[in-house]
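Student: Attaching a single structure in structure tokens format; questions to follow.
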Amino acid sequence: MSTIPAQREYFLDSIRAWLMLLGIPFHISLIYSSHVWHVNSTESSWWLTLFNDFIHSFRMQVFFVISGYFSYMLFLRYPLKRWWKVRVERVGIPMLTAIPLLTLPQFIMLQYVKGKADNWQNLSLYEKYNTLAWELVSHLWFLLVLVVMTTLSLWLFSRMRRHLSTRSETFFANMTYGKLSVLFLLVGIAYAGLRRTLFMVYPPILSDGLFNFVVMQTLYYLPFFILGALAFVHPQLKTLFTTPSRGCTLGAGLAFIAYLLNQRYGSGDAWMYETESVITMLLGLWMVNVVFSLGHRLLNFKSARVTYFVNASLFIYLVHHPLTLFFGAFITPHISSNLLGFTAGLIFVVGIAIALYEIHLRIPLLRFLFSGKPATKVDKSQQPAS
């Protein structure tokens, strides 16, 4: 079993932050893509659609690998109950804070933008609940999933620690990307089979917001979360991820082409979503190698500027979504060029998000609510320099 590394994994911190910040161009490009969203431009852009699809196809799979890695690192640092409390506070408090401060005002704004405000009273009780589940969780879904995974990991991580042995070390020492690919292919097929079974038995369950987040998203991303934890336990596995692989790069490229073809020619009533889950399961695995190897080569250093965005990434991600929707609803219609609109959107959203981040740093209560960390004198002295 590995020990807690003496040197901080700077490249993993950086990758996690940039993956989160990629949510900004992802959602802004969604406005200008051919995908139907809350707000869309008059004419779609093929290259922004392609850019949007590329980010969406792998970003969160890699993110959950890193989350699993750091979660197990902290698991070895704290007693079990203390670990669960710390982890849930770090993700649960920002999520609960963002609902009344961000996603609720966002939901109200969209009701008026879409002209649906007067229709609310005509919805059934379940329709109101389900609408609120989707809209209030919104882009916070990954925080809810992390709370569920952390709770499941009380058992999973404890079991992993109890069953560490020379045999498991040998198994992972001989692990290859070919073996991992077969394993994730089987996991993807199993997930697809579960989804198709639910679709045949009771289709409405797949449209239920909380079921989607708590069950389906958790089940899909849990293998990546566990893979990250195993990468911390077995250094050979992390080395496999950080060593560049032409096979993974080629496989990821082919898988992305398959993803695009499925998006274009697949049918939601057929096997489109099930096929997508298998493709993105493998694509995400292969992109772990692409992203980790690039990050290890280019981002494995300490920098005040990088540290600033590592610390700011969660807050910026939380506030960017309503800012993006505001931009799409009220500013996009006045910009005729998609390229100009996309660029203006990035400047608008990032600029205001950073300004809000700086304001919240100066208010101890907001710092606690958006980080889950109690304000201390040490925190103040360790604020990163911009």
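Student: Looking at K179, is it within 20 Å of S67 (Cβ to Cβ) and of a type in the set (K, R)? Please lay out each step first, then the result.
Tutor: On the way: within 20 Å of S67 (Cβ to Cβ): no; of a type in the set (K, R): yes.
No.
Student: Cβ-Cβ distance below 8 Å, separation of 6 or more or different chains: which pairs start in region 227-252 with a residue that is within 16 Å of F70 (Cβ to Cβ) and end on one that is of a type outside the set (A, V, I, L, M) and open to solvent by 40 Å² or more (accessible area, probe 1.4 Å)?
Tutor: A231/K238; F232/K238; H234/E169; T242/H296
Student: Of all the helices (runs of 4 or more DSSP H) wholly in region 70-137, which have at least 1 residues that are open to solvent by 80 Å² or more (accessible area, probe 1.4 Å) and closer than 21 Å to S158 by Cβ? So that I can check it myself, show each step before the final result.
Tutor: Numbers: elements: 80-98, 104-113, 125-137.
In region 70-137, the matching helices (runs of 4 or more DSSP H) lie at 80-98.
Student: Something else: How many residues does region 138-157 contain that are open to solvent by less than 20 Å² (accessible area, probe 1.4 Å) and touching a Leu at 6+ places or on another chain (Cβ under 7 Å)?
Tutor: Qualifying residue count, region 138-157: 1.
Student: Looking at region 32-46, can you tell me whether even one residue there is at pLDDT 95 or above, over 25 Å from L282 (Cβ atoms) and part of a helix (DSSP H, G or I)?
Tutor: Within region 32-46, one or more residues are at pLDDT 95 or above, over 25 Å from L282 (Cβ atoms) and part of a helix (DSSP H, G or I).
Student: Based on what the data block shows, is V310 touching a helix residue (DSSP H, G or I) at 6+ places or on another chain (Cβ under 6 Å), open to solvent by less than 40 Å² (accessible area, probe 1.4 Å), modelled with pLDDT under 95 and closer than 20 Å to F63 by Cβ?
Tutor: Working: touching a helix residue (DSSP H, G or I) at 6+ places or on another chain (Cβ under 6 Å): yes; open to solvent by less than 40 Å² (accessible area, probe 1.4 Å): yes; modelled with pLDDT under 95: yes; closer than 20 Å to F63 by Cβ: yes.
So V310 fits the description; yes.
Student: Continuing with this model, one more query. Anything in region 257-275 that is open to solvent by 30 Å² or more (accessible area, probe 1.4 Å) and either closer than 18 Å to F63 by Cβ or aliphatic (A, V, I, L, M) (or both)? List them, or say none.
Tutor: If the condition is that a residue be open to solvent by 30 Å² or more (accessible area, probe 1.4 Å) and either closer than 18 Å to F63 by Cβ or aliphatic (A, V, I, L, M) (or both), then I257, A258, L260, L261, A270 are the ones that fit.
The values are calculated or read from the model by the stated rules, or taken from the named source; none is laboratory data. From a predicted model like this one, the values you see are computed outputs, not experimental measurements. In this analysis, Cβ positions are derived from the backbone assuming ideal geometry, glycine residues included, and neighbour counts consider all displayed protein chains. What goes into the accessible areas is simple: the full protein's heavy atoms, side chains included, and nothing from ligands, DNA or RNA. Shrake-Rupley method; radii C 1.70, N 1.55, O 1.52, S 1.80 Å.
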